[in-house]
Amino acid sequence: MATRLFVGVDLAADPRRTGLATLHEEGDRARIERVRVGANDDDVLAAVLSAAKATE
C-alpha cells in the first residue's frame, strides 16, 4: 500500500501567523499528522521537501 505525504501551508507576512499542516494518506485513509501556527521559513521548507511532490 502506497503512502503519500501532503503538506499544506497558509502563508502570512508574519511567521507567527503562518500555518502548516501535514497529512499522511494510506490507501483510502488520511491521517492528520501535525497542524501548527507559527511556522518560519525553515519549518515550511523542511515540510515541503519531505513531501514527494510540490505543486502550486
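The values are calculated or read from the model by the stated rules, or taken from the named source; none is laboratory data. As the structure is a prediction and not an experimental result, all values here were calculated from the model. When we count neighbours, we look across all protein chains shown, and the Cβ atoms used for this are built from the backbone with ideal geometry, even at glycine. Surface areas here come from the heavy atoms of the whole protein model, side chains and all, with no ligands, DNA or RNA. Shrake-Rupley method; radii C 1.70, N 1.55, O 1.52, S 1.80 Å.
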What number of residues in the range 32-44 are more than 10 Å from Val7 (Cβ to Cβ), open to solvent by less than 100 Å² (accessible area, probe 1.4 Å) and not in a strand (DSSP E or B)? 4
In the range 1-31, what residues are open to solvent by 100 Å² or more (accessible area, probe 1.4 Å) and within 10 Å of the chain's Cα centre (by Cα)? Asp10
